[in-house]
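Okay, structure first, notes after.
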Amino acid sequence: MEPLAAAARELLLVALEDLSQEQLKRFCHKLRDAPLDGRSIPRGRLEGSDAVDLAEQLIHFYGPELALEVARKTLKRADVRDVAAQLKEQQLQRLGPRSSALLSASEYKKKYREHVLRQHAKVKERNARSVKISKRFTKVLIAPETLEHRTLGPAEEPEPERARRSDTHTFNRLFSRDAEGQRPLTVVLQGPAGIGKTMAAKKILYDWAAGKLYHGQVDFAFFMPCRELLERSGTCSLADLILEQCPDRSAPVPQILAQAERLLFILDGVEELPAPGPSEAVPCTDPLEAASGARVLGGLLSKVLLPAARLLVTTRAAAPGRLQGRLCSPQCAEVCGFSDKDKKKYFYKFFRDERRAEQAYRFVKENETLFSLCFVPFVCWIVCTVLRQQLELGQDLSRTSKTTTAVYLLFVASFLSSAPAADGPQLQDELRKLCRLACEGVLGRRAQFSQKDLERLELLHSQVQTPFLSKKELPGVLETEVTYQFIDQSFQEFFAALSYLLEDEGSPRAPAGGVGALLRGDAEPRCHLALTTRFLFGLLSAERMRDIERHLGCSVSKRVKQDVLRWVQEQGQGCPRAGPEGTKETQALQGAEEPEEEEDEELSYPLELLYCLYETQEEAFVRQALRGLPELALERVHFSRMDLAVLSYCIRCCPVGQALRLDSCRLAIRQEKKKKSLVKRLQGSLGGSASSRATVRKPLGSPLRPLCEAMVDQQCGLSSLTLSHCKLPDSVCGDLSEALRKAPALTELGLLHNGLSEAGLRALSEGLAWPECQVQTLRMQQPGLQGTPQYVAGLLQHSPALATLDLSGCQLSERMVTYLCAALRYPGCRLQTLRLTSVELSERSLQELQAVGTAKPGLVITHEALGSRPKPPEGFDSAL
């Protein structure tokens, strides 16, 4: 770039020095009044400028090639045509014809849009067939929120917005102004693997090129797959990456970059971006600087590179906490998957034969578990692919799957069963090699493989190549570069997990380091190994292991299951315990001392572990694993239906003595945007219990109903439940009240600052006073408690098992203490301990409590002022 700039500067200087003072003045005047693409050099910079100053200003403002074009046009308008002709002639002689044919950005953007429409009109399906994006794209639900909302306590959280279908209107709203009139420059689309983030991003690019999105706001949009950039060898600049996406090498890249506020960069798969190492500590700040892909992406994300440009970022749901330190004021939208109606549309688009589509859809709709899994588009594609094959072969459709792992394994089994029997042993051997390739890639953070990688494992031109690997050709300097990648990243992670069960640890073909390299290689399974770890757990169930042995013709190592169980139990030794009441462990991340992303990941880590356990669908394994995790503490989790289904399943299976603490968790489940009759409520439940079919007909309960139903299961061993700062609406209190009446093992309950209404407190008191209620210890901190003393008094009088009431830290009025004392004197009251630590009490209240303690020697009342007080006056009694 520098030699070109020097040549352009010299050409401009020669031309401008030929002008008289009057001509130079007229040139400046015309240059100021002739903006290009709405931009012109500021007037202040032109006043008093000589030829040298003008040449520098032109090069700096427009770039070398465009500066020459602007100078020639301005010379003609200033009526100095002979100098303009000389400049053109000298430019042709020195720089050649290419630079003179350069289009301006305003002229080039039409050409670029047409190029994008041609390039992205079709998308490759996972079977390598190309289809029009408009025909294949099925709308998913997108729910707007902000990354910060996930880190706030419920008291600060706004009401959840309804999810909207991903149409043009919703895409346009992603960059809409907020309540304060500010427009976000970074939008994050987050969601689990296979939910449709990449397809939505590509549809946004296509709709922009078609003129449907961001009209008058975005001139150029560029799609950048992060994984490919990170695996790219050598260095490149952002300008080079832009040029590669243009239809030709004559793109006015400097002029495009000069209007950063008119640019949109779509960064797909940002979760692949590793934590910055020493070489990437300083992100790239210059669009012309050749740097690693990680530095270029880091510069864009942190807004030190083209800070005025818009960013649309896609990432898996686990990654936003890790990205917070890099992103600048992001707006987050969650991709929620298919609604029930969109699932049906997808089936009809996939099969195209209406009769078969209806047959397949009806079968899946009647299988509630399988139907709920289809809210993930990629899982829906797998289910449709398997069903199409079964219909074509006339096979029974009755095989069902309860987990994502089971669906993926069913897909592989269907592929194997469709092959001739004679090819069985060869296919099984090729699948083992494919698993080795996947595992090498996952552990090495590689998604693209060279032809030599396939040749080394004898996978090139194998029978498994076409169904599971896609081929990509990239133009190189000397020859075309060919790379291969799995048809979907989640498939690579599935096969990587499968590799640990196919090879005995210590054999030459076993993954290096065994299962320990997967589980202990990272501090937490939430990072890039999260999905692989989930798949591994899912493959460990007895049913899945039998399927593997039957379809892959090999015995599965039983040692892997024991290693995984031991690892889970080890996690209990390092799990964070709930802090003492009154500490502020639930503060927002902005005030934490530790790095934000590390704390955020730590807080959600137990939930990720529960997802892994859920994937096994093996109650005995889950119960044994949870014995090593006596307390599950979930903090600041914004529960989805899937989260609650996973938590409920694990609580249903938990051993006796299990404790659960939900701290500052958001229990309100996001609803869909009801748009006439087009969209139904998104069914995200993954429950596969026998009673699930009946529960569909029940009226919708509170978000906590699945957990409450799990608590009353006779196999549930949950002994302690604490809900702190969770904002419990009346519907939740009603379901919890029902659970308190029947929970077989629940002996401790903590209700701390949950914003209970009078109706909610009444419902909970009724549940605690129920004859079959097993709760022995109740801890309460409720600001409005003193306004409803009758409910506390009622449960003291009638609760059959309550032995300890802890009201430490509460505000108790004299009236409230009087009610308490009257209830404690009641003959049916079985309370043995009343804790009032850090409670401010009046002199009269202290005397009343001391009188009760004297009347009931077996009752222990704990308060700082009661131990050293003299006995109350003879005959003192409560005022009630």
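The values are calculated or read from the model by the stated rules, or taken from the named source; none is laboratory data. All figures in this text were calculated on a predicted structure; none of them were measured in a lab. Please note: Cβ atoms are built from the backbone with ideal geometry, for glycine as well, and neighbour counts cover all protein chains shown. These accessible areas exclude ligands, DNA and RNA; they are computed on the full protein's heavy atoms, side chains included. Shrake-Rupley method; radii C 1.70, N 1.55, O 1.52, S 1.80 Å.
Could you list all residues from segment 335-366 that are open to solvent by less than 20 Å² (accessible area, probe 1.4 Å) and either over 25 Å from I142 (Cβ atoms) or in contact with a Ser or Thr (Cβ under 6 Å, 6 or more places away or on another chain) (or both)?
D342, Y346, A357, A360
Considering A221, A210, which residue is closer than 25 Å to K111 by Cβ, open to solvent by less than 10 Å² (accessible area, probe 1.4 Å) and among the small types (G, A, S)? Talk me through it step by step, then tell me what you get.
Values: A210 fails: open to solvent by less than 10 Å² (accessible area, probe 1.4 Å).
Only one candidate passes the filter, namely A221.
For segment 587-606, what are the residues that are at pLDDT 70 or above and surrounded by fewer than 18 Cβ atoms within 10 Å (Cβ to Cβ)?
Hits for segment 587-606: nothing passes.
Only one residue in A763, A793, A743, A759 is among the aliphatic types (A, V, I, L, M) and surrounded by fewer than 20 Cβ atoms within 10 Å (Cβ to Cβ). Which one? Can you show your working first?
On the way: A763 fails: surrounded by fewer than 20 Cβ atoms within 10 Å (Cβ to Cβ); A793 fails: surrounded by fewer than 20 Cβ atoms within 10 Å (Cβ to Cβ); A743 fails: surrounded by fewer than 20 Cβ atoms within 10 Å (Cβ to Cβ).
Testing whether each residue is among the aliphatic types (A, V, I, L, M) and surrounded by fewer than 20 Cβ atoms within 10 Å (Cβ to Cβ) leaves just A759.
Would you pick out the residues in segment 308-350 that are modelled with pLDDT under 85, on the phi < 0 side of the Ramachandran plot and in a loop (DSSP other than H, G, I, E, B)?
Matches in segment 308-350: A317, A318, A319, Q324, G325, R326, L327, C328, P330.
Just for segment 477-499: of the residues that are touching a helix residue (DSSP H, G or I) at 6+ places or on another chain (Cβ under 7 Å) and either outside any helix (DSSP H, G or I) or modelled with pLDDT under 90 (or both), which one is farthest from L531 (Cα to Cα)?
We begin by selecting, within segment 477-499, every residue touching a helix residue (DSSP H, G or I) at 6+ places or on another chain (Cβ under 7 Å); these are 482, 484, 486-488, 490-499.
Now drop any that are not either outside any helix (DSSP H, G or I) or modelled with pLDDT under 90 (or both), which leaves 482, 484, 486-488, 490-491.
Values: V482: 27, Y484: 21, F486: 15, I487: 16, D488: 13, S490: 7, F491: 10 Å.
My answer is V482.
Are any residues in segment 393-414 of a type outside the set (S, T, N, Q), assigned to a helix (DSSP H, G or I) and either farther than 17 Å from F350 by Cβ or modelled with pLDDT under 80 (or both), and if so, which ones? Quick ask: steps written out before the conclusion?
Here is the first cut: in segment 393-414, the ones of a type outside the set (S, T, N, Q) are 393-394, 396-397, 399, 402, 406-413.
This time we only want the ones that are assigned to a helix (DSSP H, G or I), so: 393, 406-413.
The answer is L393, A406, Y408, L409, V412, A413.
Residues to consider are A360, A422; find the one that is aliphatic (A, V, I, L, M), under 28 Å from G553 (Cα atoms) and assigned to a helix (DSSP H, G or I). Let's see the steps before the verdict.
On the way: A360 fails: under 28 Å from G553 (Cα atoms).
Criteria check complete, one pass: A422.
Considering each of T862, T777, T804 in turn, give the residue that is modelled with pLDDT of 90 or more and over 22 Å from S737 (Cβ atoms). Please lay out each step first, then the result.
Values: T777 fails: over 22 Å from S737 (Cβ atoms); T804 fails: over 22 Å from S737 (Cβ atoms).
Every option except T862 fails the conditions.
Among residues belonging to segment 126-139 that are out of contact with any Phe, Trp or Tyr (no Cβ under 6 Å at 6 or more places or on another chain) and at pLDDT 75 or above, point out the one that is most open to solvent (accessible area, probe 1.4 Å). Outline the logic, then answer.
So the first thing to find is which residues in segment 126-139 are out of contact with any Phe, Trp or Tyr (no Cβ under 6 Å at 6 or more places or on another chain), and the list is 126-132, 134-137, 139.
After this cut, where a residue has to be at pLDDT 75 or above as well, the list is 137, 139.
Numbers: F137: 21, K139: 75 Å².
Selected residue: K139.
Please return the ranges of strands (runs of 3 or more DSSP E) entirely within segment 745-849 where 2 or more residues are within 43 Å of the chain's Cα centre (by Cα). Give the derivation first.
Working: elements: 748-752, 777-781, 804-806, 833-835.
Correct list: 748-752, 777-781, 804-806.
Is it fair to say V123 is farther than 17 Å from W208 by Cα, open to solvent by less than 60 Å² (accessible area, probe 1.4 Å) and modelled with pLDDT of 65 or more? Write out each step before concluding.
Numbers: farther than 17 Å from W208 by Cα: no; open to solvent by less than 60 Å² (accessible area, probe 1.4 Å): yes; modelled with pLDDT of 65 or more: yes.
So V123 fails the test.
Can you tell me which residues in segment 709-740 are assigned to a helix (DSSP H, G or I) and open to solvent by 10 Å² or more (accessible area, probe 1.4 Å)? Reasoning before the result, please.
Of the residues in segment 709-740, the ones assigned to a helix (DSSP H, G or I) are 709-711, 730-740.
Within segment 709-740, E709, D730, S731, G734, D735, E738 qualify.
Looking at the structure I just gave you, is V52 modelled with pLDDT of 80 or more, open to solvent by 70 Å² or more (accessible area, probe 1.4 Å) and either charged (D, E, K, R) or farther than 30 Å from R352 by Cβ (or both)?
Values: modelled with pLDDT of 80 or more: yes; open to solvent by 70 Å² or more (accessible area, probe 1.4 Å): yes; either charged (D, E, K, R) or farther than 30 Å from R352 by Cβ (or both): yes.
Yes.
I need a count of the residues in segment 416-450 that are under 30 Å from E366 (Cα atoms) and open to solvent by 40 Å² or more (accessible area, probe 1.4 Å). Write out each step before concluding.
Let us first name the residues in segment 416-450 that are under 30 Å from E366 (Cα atoms), namely 416-419.
Next cut, open to solvent by 40 Å² or more (accessible area, probe 1.4 Å) only: 417-418.
The qualifying residues number 2.
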